[in-house]
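**Q** The structure that follows is given in the form of structure tokens.
Every read-out reported here was derived from the displayed coordinates using simple, explicitly stated rules and does not represent laboratory data. Because the structure is predicted, anything quoted here is derived from the model rather than measured. Glycine also receives a Cβ, built like all others from the backbone with ideal geometry; neighbour counts cover every protein chain displayed.
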Amino acid sequence: MAEALIRTENLTISFGAHKAVNNVSLSLEKGLFTTILGPNGAGKTTLFNLISGLLEPTEGKLFFKGTDITRLSPIQRVKMGMGRSFQLTNVFPTLTTYENVRLAMQAHEDIGYKIFTNHRRFSKLNEKTDEILERVLLKDKKNQLASQLSHGEQRKLELGMVLALEPEVLLLDEPTAGMAIEEVPTMIDILNKTKESGTTIILIEHKMDMVKQLSDKLIILVNGGLLVEGDPEEVSQNPDVLAAYLGGGILDEESTKD
């Protein structure tokens with residue numbers, strides 16, 4: 001069995017009387033591509049917010065690489081090796097594509113305006129920035145303002161900014177949201193290559209072609225609780241999963257739209 005990179009114990013968060021995530025215990029294994037699915041309101045993004053530190057649980061604990069991080073800030077978690085993208089694009093529109101990635105890389109390397117920093121260190125950052133842009137297929141747009149990129153290109157740029165942080169685990173909340181259908185295969189290819197590089201990826205996504213092609217493991221949430229987890233083929237045939245989706249198969253795209 002693969003090593004657990006992230007582990008939750010009875011993770012719960014309440015908003016008044018409503019438990020958005022309810023007593024969820026999970027092991028997210030190192031090196032696997034895990035997709036979290038569930039009907040609208042199942043608690044998927046809330047679970048991501050708990051893992052990344054944007055929310056604190058009402059009850060339960062969260063471990064990363066064996067360390068209790070339940071009360072650590074998002075910045076502390078990033079420094080430990082977590083990267084997170086959001087449903088809405090989050091780039092600096094008045095900076096170039098290159099500057100967006102370079103800024104993320106400087107933050108990761110803790111380099112601000114330091115007059116006495118060795119120039120060779122900046123040269124290395126420049127090379128790494130170009131490498132990231134090539135990975136996300138934006139090198140030919142490096143001098144273009146982020147605001148001038150298409151929506152799909154902005155989604156790829158955001159992914160590049162997260163990859164610049166060199167995360168051990170990548171949390172992706174619908175990275176293809178708003179993308180034109182013809183752009184999705186490119187994102188699938190980028191994510192597949194990221195997976196092959198050894199990065200652990202945890203995905204929320206409704207495009208079932210992505211889920212089928214990339215996932216090693218599925219986790220199904222319903223009403224804030226864990227319904228089932230396991231091999232995609234087995235999970236897709238689970239009677240409880242089929243019932244949760246009103247009789248439609250979990251790998252039927254039309255049955256899983258929010």
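**Q** What distance in nm separates the simple spin-label points at residue 231 and residue 181, each placed 7 Å from Cα in the Cβ direction?
**A** About 3.2 nm separates the two model spin labels.
**Q** From the residues 34, 219, 199, which one has its Cα farthest along the dipole of the chain in the positive direction, the dipole being from +1 and -1 charges on Cβ of Lys/Arg and Asp/Glu about the Cα centre?
**A** 199
**Q** Roughly speaking, what % of Cα-Cα pairs in the range 1-48 are separated by over 17 Å, rounded to a whole number?
**A** Considering the range 1-48, 40 percent of its Cα-Cα pairs are separated by more than 17 Å.
**Q** On a full-extension model of 0.36 nm per residue, what is the gain between residue 189 and residue 75, subtracting their alpha-carbon distance, rounded to one decimal in nm?
**A** Contour length minus the Cα-Cα distance gives 38.2 nm.
**Q** Follow-up question, since we're still on this one. Compute the distance in nm between two label points, each set 7 Å from the Cα along the Cα-to-Cβ direction, one at residue 94 and one at residue 148.
**A** Distance between label points: 1.7 nm.
**Q** Mind checking which of 44, 141, 124 has the largest fluctuation in a GNM of the chain, springs on alpha carbons under 10 Å?
**A** 124
**Q** Out of residues 5 or more away from residue 69 or on other chains, whose amide H comes under 5 Å of its own, with H placed 1.01 Å from N in the peptide plane?
**A** Residues meeting the criterion, in which the H sits 1.01 Å from N, are 62, 63, 64.
**Q** Based on alpha-carbon centroids, what's the gap between the range 129-184 and the range 22-39 in Å, whole number please?
**A** One Cα centre to the other: 24 Å.
**Q** Right, next: Compute the longest continuous run of the chain that contains no exposed chymotrypsin sites (Phe, Trp or Tyr not before Pro); treat a site as exposed when its DSSP state is not H, G, I, E or B and it has at most 11 other Cβ atoms within 10 Å.
**A** It runs 117-258.
**Q** Using a Förster distance of 51 Å, how high is the FRET efficiency between residue 240 and residue 126, based on the Cβ-Cβ distance and rounded to 0.05?
**A** After rounding, the FRET efficiency stands at 0.45.
**Q** About the Cα centre, and with charges only on the beta carbon of Lys, Arg (+1) and Asp, Glu (-1), how big is the dipole of the chain? Nearest 20 debye, please.
**A** Charge dipole, the chain, about its Cα centre: 1120 debye, nearest 20.
**Q** Just to be sure I understand the model, the point goes 7 Å from the Cα along the line to the Cβ. What's the resulting residue 59 to residue 196 distance in nm?
**A** The two pseudo-label positions are separated by 4.5 nm.
**Q** Can you give the helix-only mean residue ellipticity at 222 nm for the chain, where every DSSP H stretch with n ≥ 4 adds -39500 (n - 2.57) and the sum goes over all residues, rounded to the nearest 500 deg cm²/dmol?
**A** -10000 deg cm²/dmol
**Q** Top mean-square fluctuation among 20, 180, 146, Gaussian network model of the chain, C-alpha springs under 10 Å?
**A** Comparing 20, 180, 146 in a Gaussian network model of the chain, the most mobile one is 180.
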